[in-house]
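Visitor: Before I ask anything, let me first share the structure, which is written out below as structure tokens.
Laboratory data are not the source of any read-out in this text; all were calculated from the coordinates shown. Note that the structure is a prediction, hence the values are computed from the model and not measured. Please note: Cβ atoms are built from the backbone with ideal geometry, for glycine as well, and neighbour counts cover all protein chains shown.
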Amino acid sequence: MIKYPPIEFWVHFKKTKGAMSTAEAIFLYNACLQVDGDGVCVEMGTAYGKSAMVTLMAWADKGRKTLFLLEPLFEGIDFLREVHTSIKDFQKELHNTNCVFLKNLSTDFLPKYDKYSYIFWDSGDHSPELVNKEKPLLEDKVIKGGILVLHDINSQFTACTEAYNDLINSGKYEAIEYDWQEIFDYVAKNNLEDGNNSWHQYPELPHPPNFIGALKRK
């Protein structure tokens, strides 16, 4: 059964800049609800914070621990201040959520820990070179039952799709699937894409972008 964020959540999500549709946010929300275990939780590619808000909303009543937010653009103080303010304002309405803002590269951060229970993988430039550097650093570090979410699969960024399929074919991961048509119908019924401040739009699609997938470690 698909669960949906409270309707007031969308006010925060839609006004935040980024590259994520509301349909993808619903998929991500449900994947995050499955996260369990004592491993490290990290988001690789925070940008302006749309995906982070979804994760924090899913964990609001779960007593979750720290979510590390990695974004090299945090090097810029104005960018960091904007994202920090946006997420902290959002968190005022939540409980039991905490996040740490880091300008680290994923390839520097991943080797620091051996056990991950959640990774949001939105690879920097989505190039085969970077994806192929990140994949071996995380593939065997997700704990049993841990969740790995990949953005930009089944899109023009073919390396992301190949990594997703490779992880399934390795036998170490299984795909988490939700009924996209149900999600699209909910989005349409509630006009959720109206006013969504996202450059991640493809008018030629008959539905909001859904370039996201999730895997569970066996």
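Visitor: Defining a contact as two alpha carbons under 8 Å apart and six or more residues distant in sequence, what relative contact order in percent does the chain show?
Guide: 29
Visitor: Beyond a 28 Å Cα-Cα separation, which of these cross-linked pairs lie in this structure: LYS15/LYS115; LYS50/LYS189; LYS50/LYS135?
Guide: Too far apart for the 28 Å limit: LYS15/LYS115.
Visitor: Taking the number of other C-beta atoms within 10 Å as the exposure measure, put PHE27, PHE68, PHE184 in order starting with the fewest.
Guide: Starting with the residue having the fewest Cβ neighbours, the order is PHE184, PHE68, PHE27.
Visitor: With runs of 4+ DSSP H residues as the only contributors, calculate the mean residue ellipticity of the chain at 222 nm using -39,500 (n - 2.57) per run, divided by the residue total and rounded to the nearest 500.
Guide: Taken over the chain, the calculation gives -11000 deg cm²/dmol.
Visitor: DSSP loop (so not H, G, I, E, B), at most 14 other Cβ within 10 Å: list which GluC sites (Glu not before Pro) in the stretch 180-209 pass both filters.
Guide: Loop-located and lightly packed - GLU204.
Visitor: Spelling out what I want: for every residue of the stretch 54-70, take phi, set θ = phi - 60°, compute 6.51 cos²θ - 1.76 cosθ + 1.60 (Karplus), and round to whole Hz; glycine and proline get x.
Guide: Each residue's phi maps through the Karplus curve to give 4, 4, 5, 5, 5, 9, 3, 10, 9, x, 5, 8, 5, 10, 7, 10, 9 Hz.
Visitor: How much net charge surrounds LEU102 when only other residues with a Cβ under 13 Å from its Cβ are counted (Lys, Arg +1; Asp, Glu -1)?
Guide: Result for the local shell: -2.
Visitor: Taking percent of Cα pairs over 34 Å apart as the quantity of interest, determine which of (1) 11; (2) 18; (3) 6 was computed from the displayed structure.
Guide: Matching the structure shown: (3).
Visitor: Just the Cα atoms of the stretch 169-218: what Rg and Dmax do they give in Å?
Guide: Over the stretch 169-218's Cα set, Rg and Dmax evaluate to 14.2, 41 Å.
Visitor: Pop out the ³J(HN,Hα) list for the stretch 182-197 in order, Karplus 6.51 cos²θ - 1.76 cosθ + 1.60 with θ = phi - 60°, rounded to Hz; leave Gly and Pro as x.
Guide: Karplus values, whole Hz, x for Gly and Pro: 4, 5, 4, 5, 5, 4, 5, 4, 9, 6, 5, 6, 5, x, 6, 7.
Visitor: Label LEU94 and LYS115 with points 7 Å out from Cα along Cα→Cβ: what is the distance between them in nm?
Guide: For the pair LEU94/LYS115, the computed spacing is 2.3 nm.
Visitor: Now, a different point. Would you compute the Debye intensity of the stretch 82-171 from its alpha-carbon atoms alone, equal scatterers and no solvent, and pass along log10 I(q)/I(0) at q = 0.13, 0.24 Å⁻¹ to two decimals?
Guide: Each listed q corresponds, in turn, to -0.53, -1.25.
Visitor: Figure the gain on full extension for LYS144 and TYR202 (residue separation times 0.36 nm, minus the Cα-Cα span) and round it to one decimal in nm.
Guide: 17.3 nm is the gain from fully extending LYS144 to TYR202.
Visitor: Return the long-range amide H neighbours of TYR173 (sequence gap of 5 or more, or a different chain), with a cut-off of under 5 Å between placed amide H atoms.
Guide: Those qualifying (amide H under 5 Å, at least 5 residues apart or on another chain) are LYS218.
Visitor: Here's a follow-up. Figure the gain on full extension for HIS84 and TRP180 (residue separation times 0.36 nm, minus the Cα-Cα span) and round it to one decimal in nm.
Guide: Stretched out fully, the HIS84 to TRP180 stretch lengthens by 31.4 nm.
Visitor: Given a cut-off of under 8 Å on Cα pairs at least six residues apart, what relative contact order in percent is computed for the stretch 103-191?
Guide: Dividing the mean separation by the residue count of the stretch 103-191 yields 27 percent.
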